[in-house]
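For reference, the structure is listed below as structure tokens.
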Amino acid sequence: MTQPAQTDLITVTIDGREIAVPKGTNMIEAARLLGIDIPHYCYHPKLSVAGNCRMCLVEMGMLAFDPATKQPVMDPASGKQKVNWMPKPVIACFTNAAPGLHIRTNTPLVRECREGVMEFLLINHPLDCPICDQAGECKLQEQATAYGRGYSRFIEQKNVKPKRTLLGPRVMLDDERCVLCSRCIRFSKEVAKDDVLGFVDRGSYSTLTCYPGRRLENNYSLNTVDICPVGALTSVDFRFKMRVWFLKQTPSIDTESSVGVNTTVWSREGVIYRITPRRNDAVNDTWMPDSGRELYKQVRAENRLTAALAAGQSATLDAALAAAAELLKSAASAVAVVGSGRSSVDEQFLTRKLAAALKAPAWIVGRAGEGDGILLSTDRNPNTRGALVTGLIKALPGPQLGELAAAIDAGKVTTVLAVNEDLAAAGLTAAQLAKVRVIYLGTHANATSAAAQVVLPALTVFEKSGAFINQQFRLQKFVTAVPGPAGVSDDLATLARLLVAVGGPKLGETATTLWPALAAEIPALASVSFAGIPDEGLPLDSKPWAGLRFGEGASLHFQPAAAT
Amino acid sequence: MPHPLERRVIFQHIDEPGYSPDLACYLRQGGYAVLRKSVQRPPAELIDEVKRSGLRGRGGAGFLCGLKWNLVDRKSGKPIYLIVNADESEPGTFKDRYIIHQDPHQLIEGIMISCYANNVKQAYIYIRGEFPHGARILETAIAEARAANFVGPNICGGAYSCEIYVHRGAGAYICGEETGLIESLEGKRPYPRIKPPFFPAVLGLYQCPTIVNNVETLCHVKHIADIGGGAYAGIGTPNNTGTRLIGVSGHVQRPGYFEFESGKITLGRLLHEVCGGPLPGRKFKAIIPGGSSSKILRCDERFKIKQKDGTVLDWGYEDIPLDFDSFAACGTMGGSGGVIVMDDRVNLVEALGNLNAFYAHESCGQCTPCREGSLWMKKITARMVHGEARVEDGELLKNVADQIAGRTVCPFGEACSWPTQSFVQKFGDEFKAYAETKRQPRPVDALTLV
Ligand SMILES: Cc1cc2nc3c(=O)[nH]c(=O)nc-3n(C[C@H](O)[C@H](O)[C@H](O)COP(=O)(O)O)c2cc1C
Ligand code: SF4
Ligand code: FES
């Protein structure tokens, strides 16, 4: 599971082509680097090796040395050192780079091995792809095309096994489709640290099950669905809703916590059907929490704000912005700004500009939860670091807006601009809310929107582009997966226009046009452009914030800085 | 009474009137004297004796015991374990059970000498689940031996201490495979481990260096320590030293268990002289010589054995000496010493159906070729036997077996495909004839036999 050190490279020869790979690299990965595909089922780069499917069998040889003289034995025909080929094939997934190692992946024996394994996997398999939910992303289907016989020699009765077993609230098992690769078992034990799955019975009657009295219900259970190479494990939420080949994939970020899990959003015609993890070896490997997969449901939630409101009446965005600007300007220096650790870096930058233009103090709302040591951290804002980097805040936020409440009580604040935060949830009482005038920019209706004089509808993370800075100070971008509700403008545009309306500078209204300003002003982002943020994210210099006491504990690829 | 052709060393007291499995009886016969003597010797010297003896493992593979001990990683700083393989489940094999039932102290003495030689502090006897009585006998014997200071702390009053634990299996053949056994002993499903890297000698029980030896093998160690490796090597034939326990079952007049000097008598003398030949009016047809996994021999087959000097021997089955190398030269193996004899009444399709049912039932299910292939072979032979045989089934069976052997995690892959491969190769006509004569089409629903 550990990443091999980039030092000591070992040269191996695959199908006659040499490649230098780090020590510990197995032959599936080495071949991948040469563009050679070694088919496999049980092997998964982030799990221990089980070696049970036998699909990856290859021929192996070692350079020949004379046992007496220890001198290389030369092949007179080719003039090269001879290779001693082993009579039996070996599994590529458990064959690690060694000096002089040769493998062949394209010989008749290897082809025969693959065809044999394919035939064996298919004889008891239902072969009803048209009604299987995995079709289109099924390894068995893909490899049957490449290595299947095309006809069946099997005329016996197939094994009969349970078709619909709920292993837990979110995962359904079809035992007849299971190829017994044990990926799900290894994942549960090794990554989710919840050793809950195992096989019962023997031989071809082996059946996946939970241990007696247990259920697969940990917050990572749906990863088993992702890594199941066939249609045995399916997501209760997603199964039979949509054929995967119709779905568009958009890179995104899980907003649940400061871990910043990389995700893929799967949508069709503006509707999201599922969220899956996107591999990032520095952040989340190939995993994500189940909870993060549910977040797409907020897009079409009942309480979604889809129109601007001014004084309780629906208004055009221009009218609402004008009303908001009027309120803010008329409050002289009694304005406060509440920004959000859930806003993107560029939105936080504009929020800071608004606070500056209004000479208003700014806070964000801290959000704490239990860290699970895997991919959920205690900081449940995806972008607390962004608020620091953009200068929106100087100190780490608390969960309550205590200072704001005191200022309201003291009559020092009469008007609040709340960006993406529910002031009531952050501790303001109904009386305090009633005492001030509120301009609220947000996605969903809540106590704050109900109390607000002006409501500006906003977009969810799935409907806009932007970037977050995670606990590792890694800048990671997300991209629009689906369009927002009709008539709702992009949050950046709304904020930029409000800024102009209150007398601030005119800045870009899209990520692309705004980022030059960020790069120019923020040292940590100097020379970064939005388009230039790589898919795997960009580590930023965290030194300026080394003195802060961040709360996160260790998680998958994160170690907190040693307490000083 | 032992047959005059026998030479009983391990089985010296088996079925001896008045001999009982208790310690007192064992001591009356001079028991534990070798252990007493051995713990006075440097351990390395004992290992050398075993190396010199040429002892080959009796569990099936015939691996050199001294070499196995030599491979043990002694530098790791981890404890070294010894596991006694008492899983004896290979069909046709019945030898270890007599040692366990009738002469358990011989085994315990062999274990303790082996442990001392290898600096082992904990030994496990993994005994087949179907031997509850044997497990009780071993427990009792170990308790007796412990009370008499032959097991446990300060053995024979010296500084060396070693415990023996009995662990019962739960009824799975694969627990006889050494790495499956280790997994089972660790409390897991007995999924055999991948070799390399999980060689027991390096990464065995609890990832510590481990020696796995068969019951009979360890009893031989006692006699080697007694008479010396050189003297032991004088028994039997070069490269196949010592005596061997042989169990004969099937269609002979006098089936049973015997002990011979390796290579000193032939399969013919065993079956005709010792076992009294075929039943009246019958002829031998086929022999499985070393447990059900070994390849079958035809009784009218000729074996051309190339000698080192270039000459070629022409053997029938009756000429094959009972030793590892001769059986290997005939394309099969001496294996576990379980000889299964079939006479001309036996239909080989039906016999294979029986074996295939066993292997399909016992495949652990870990790896694809064995898991699916073993059951497929069973389904084919079951269908044939139930009247739906096809002419092409023999070829198909062999082809399925070819897709298993050499491609699996553990040697069960070979164990389950060798019967099919050899039955079809040697009795192909019988498979064809079966399709032609025994075919009785049945309604499809009657085929739900598997
Ligand atoms: C499928 C399978 C079953 C086996 N069953 C047994 C068994 O029941 N008893 C045994 O001693 N060895 C058995 N073996 C052999 C063991 O793996 C191992 O080689 C043996 O215990 C080593 O002992 P030895 O060197 O003393 O022969 C089996 C091997 C395989 C592949
Ligand atoms: S060969 Fe058979 S018994 Fe051995 S690991 Fe594979 S499935 Fe299990
Ligand atoms: S990938 Fe399954 S055995 Fe190698």
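The values are calculated or read from the model by the stated rules, or taken from the named source; none is laboratory data. Predicted, not measured: the structure shown is a model, and the values here were computed from it. All Cβ positions, even for glycine, are placed from backbone atoms using ideal geometry, and neighbour counts span all protein chains on display. Keep in mind that these areas ignore ligands, DNA and RNA; they rest on the heavy atoms of the full protein, side chains included. Shrake-Rupley method; radii C 1.70, N 1.55, O 1.52, S 1.80 Å.
With both bridge residues required to lie in the protein assembly as shown, what share of the DSSP beta bridges run antiparallel, to the nearest 5%?
65
Using a 1.4 Å probe on protein heavy atoms only, how many Å² of accessible area do B and A hide from each other, summed over both chains and rounded to 100? If you can, show how the numbers build up before the last one.
Details: alone 18220 and 24990 Å², together 40140 Å².
For chain B against chain A, roughly 3100 Å² becomes buried.
Once amide H atoms are placed 1.01 Å from N in the peptide plane, what residues at a sequence separation of 5 or more from B:GLY250, or on another chain, have their amide H within under 5 Å of its amide H?
Excluding prolines and chain starts, which carry no amide H, the hits are B:VAL341.
Read phi for every residue in the range A:412-420 and hand back ³J(HN,Hα) as whole Hz from Karplus 6.51 cos²θ - 1.76 cosθ + 1.60, θ = phi - 60°, with x for Gly and Pro.
7, 10, 10, 9, 10, 9, 10, 9, 6
For an R0 of 45 angstrom, estimate the FRET efficiency from the Cβ-Cβ distance between A:THR107 and A:VAL236 and round to the nearest 0.05.
Efficiency at R0 = 45 Å is approximately 0.55.
With only Lys, Arg, Asp and Glu charged, each at its Cβ (+1 for the first two, -1 for the last two), find how big the charge dipole of the protein assembly as shown is about the Cα centre; round to the nearest 20 debye.
About 640 debye.
Rounding to the nearest 10 and keeping the result within 0 to 90°, find how far the Cα-based axis of helix B:43-53 lies from the longest principal axis of chain B.
The angle comes out at about 40 degrees.
Where does helix B:428-437 land angle-wise versus the long Cα axis of chain B, in degrees 0 to 90, nearest 10?
The angle comes out near 50 degrees.
Using the heavy atoms of the protein chains and a 1.4 angstrom probe, tell me the accessible area per residue for the protein assembly as shown in square angstrom.
I get 40 Å² per residue for the protein assembly as shown.
I want to make sure I understand the PRE zone here: with the label point 7 angstrom from the Cα of A:ALA301 toward its beta carbon, which residues in the range A:382-421 have backbone N atoms less than 16 Å away?
Correct set: A:382, A:419-421.
Could you give the nm distance between label points at A:THR513 and B:PHE63, where each point is 7 Å from its Cα heading toward the beta carbon?
7.4
Out of the range B:292-334, which chymotrypsin sites (Phe, Trp or Tyr not before Pro) are coil in DSSP terms and have no more than 14 other C-beta atoms within 10 Å?
Filter output for the range B:292-334: empty list.
From the phi angles alone, apply the Karplus equation (6.51, -1.76, 1.60; θ = phi - 60°) to the range B:158-166 and give each ³J(HN,Hα) in whole Hz, x where the residue is Gly or Pro.
For the range B:158-166, the Karplus curve yields x, 8, 7, 10, 7, 9, 10, 10, 9 Hz.
Over the protein assembly as shown, what percent of the accessible surface lies on carbon and sulfur atoms, probe 1.4 Å? Numbers along the way, then the final one.
Details: 22130 of 40140 Å².
Answer for the protein assembly as shown is 55 percent, counting heavy atoms of protein chains only.
So if we plug the beta-carbon distance of B:ASP22 and B:GLU186 into 1/(1 + (r/R0)^6) with R0 = 45 Å, what FRET efficiency do we get, rounded to 0.05?
For R0 = 45 Å, the calculated efficiency reads 0.85.
Which one, B:GLY263, B:GLN253, B:PRO196, projects farthest toward the positive side of the charge dipole computed for the range B:182-281 from Cβ point charges (K/R +1, D/E -1)?
B:PRO196
What trypsin sites (Lys or Arg not before Pro) does the range A:381-467 have in DSSP loop regions with at most 12 other beta carbons within 10 Å?
A:LYS394
Which pairs, out of A:LYS46/B:LYS188; A:LYS46/A:LYS158; B:LYS95/B:LYS378; A:LYS163/A:LYS241; B:LYS283/B:LYS432; A:LYS248/A:LYS464, put more than 25 Å between their alpha-carbon atoms?
As for pairs spanning more than 25 Å Cα to Cα, those are A:LYS46/A:LYS158; B:LYS95/B:LYS378.
Can you give me the C-alpha center-to-center distance between the range A:409-459 and the range B:124-182, rounded to a whole angstrom?
Rounded to whole Å, the Cα centres lie 75 Å apart.
Select from the range A:93-141 all residues whose loss of accessible area on going from the chain by itself to the full protein assembly reaches 40 Å² or more (probe 1.4 Å).
When all protein chains are present, A:PHE94, A:PHE120 each give up 40 Å² or more of accessible surface.
Longest segment of chain B with no GluC sites (Glu not before Pro) in a DSSP loop having at most 14 other Cβ atoms within 10 Å?
Segment B:187-391 is the longest.
Would you give the gap between the C-alpha center of the range A:278-354 and the C-alpha center of the range B:217-273, rounded to a whole Å?
86
Can you compute the label reach from A:ALA146? Point 7 Å from Cα along the Cβ direction, backbone N cut-off under 20 Å, restricted to the range A:28-52.
Of the residues in the range A:28-52, A:28-47, A:50-52 have backbone N under 20 Å from the label point off A:ALA146.
GluC sites (Glu not before Pro) within the range A:1-95: which are DSSP loop residues with at most 15 other Cβ atoms inside 10 Å?
none
Take every residue in peptide B:369-382, count the Cβ atoms of other chains within 10 Å of its Cβ, and give the average of those counts. Could the numbers behind the result be given before it?
Working: counts 9, 4, 12, 15, 6, 2, 8, 8, 0, 3, 9, 4, 0, 1.
The per-residue average across the peptide is 6.
If amide H atoms are built 1.01 Å from N in the plane of the peptide, which residues on other chains or at least 5 residues away come under 5 Å of the amide H of A:ARG437?
HN-HN under 5 Å from A:ARG437: A:THR415, A:VAL416.
Compute the long axis of helix B:412-426 from its Cα atoms, compare it with the longest principal axis of the Cα atoms of chain B, and write down the angle in degrees, 0 to 90, nearest 10.
Value to nearest ten degrees: 40.
List, in order, the whole-Hz ³J(HN,Hα) value for each residue of the range B:105-116 obtained from phi through the Karplus relation with A = 6.51, B = -1.76, C = 1.60 and θ = phi - 60°; use x for Gly and Pro.
In residue order, the calculated couplings are 5, 4, 5, 4, 5, x, 4, 5, 5, 5, 5, 4 Hz.
What is the magnitude of the charge dipole of the range B:348-449 about its Cα centre, with +1 placed on the Cβ of each Lys and Arg, -1 on the Cβ of each Asp and Glu, and no other charges, expressed in debye to the nearest 20?
Here the range B:348-449 has a charge dipole of around 100 debye.
Give the separation of the Cα centroids, the range B:340-357 to the range B:361-411, in Å.
Between the Cα centres of the range B:340-357 and the range B:361-411 lies a distance of 16 Å.
With both bridge residues required to lie in chain B, what share of the DSSP beta bridges run antiparallel, to the nearest 5%?
50
Quick one: which residues, 5 or more positions from A:PHE478 or on another chain, have an amide H under 5 Å from its amide H? H modelled 1.01 Å from N in the peptide plane, none for Pro or chain starts.
Under 5 Å from the amide H of A:PHE478: A:GLY466, A:ALA467, A:PHE468.
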